[in-house]
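For reference, the structure is listed below as structure tokens.
The numbers here are math on the coordinates, done by the rules we state, and not lab data. Source: prediction; values computed, not measured. Ideal geometry is used to build each Cβ from the backbone, glycine not excepted, and the neighbour counts take in all protein chains shown.
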């Protein structure tokens, strides 16, 4: 197996890591907005003041966003930890290949065995975490919905001049609101990338299953 093949595999693994990282960032922003936006809207409830009916939908969105963010951060972190073990193993192979003696040409059988091991681990990782990876699509969409639902009203208040802060804090909060809107739109595109990733690995799993079945039949003398 040539170094170009290893590099392509590394790029693919790192691309998945970026997807998981994007979900973590979206979940972290959702959590931050839930806390900051929730404190403002829940103060009347804590102080015993009556809550206006118009506030109830936002309170429900905030609670839902907070719970979703916590769940998504936990799931994404678990995927990241397992995936990093595979990526680090591949990086170690590539590093040793680049530092090999100049007398060695290409990858020898020991390298091939290690790379095959990485590929097998990658297939096993995807097989074991298919449901979690597919759920990342819904996480991206939920993150996008939440950030839009909380960001658009604040953005409108900036436009009509009714936002309750001014000066430097207005600029800082304005930057945060615009950033959340940008991330929310990007979150809607993440599921498209994840779908492409799952289609690629579904095809690979199918090929691996077919090869295993053929090998089983050969060993049993059916072919």
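Could you give the length gained by full extension between residue 67 and residue 206, i.e. 0.36 nm per residue of separation minus their alpha carbon distance, to one decimal place?
Values: separation 139, 0.36 × 139 = 50.04 nm, distance 3.56 nm.
Result for the pair: 46.5 nm of gain on full extension.
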Note: residue 192 to residue 32 extended length (0.36 nm per residue) minus current alpha-carbon separation gives 55.1 nm
1/(1 + (r/R0)^6) with r = Cβ-Cβ of residue 219 and residue 78, R0 = 35 Å, i.e. FRET efficiency to nearest 0.05, evaluates to 0.45
A chain fully extended from residue 85 to residue 21 at 0.36 nm per residue, minus the present Cα-Cα distance, gains in nm 21.5 nm
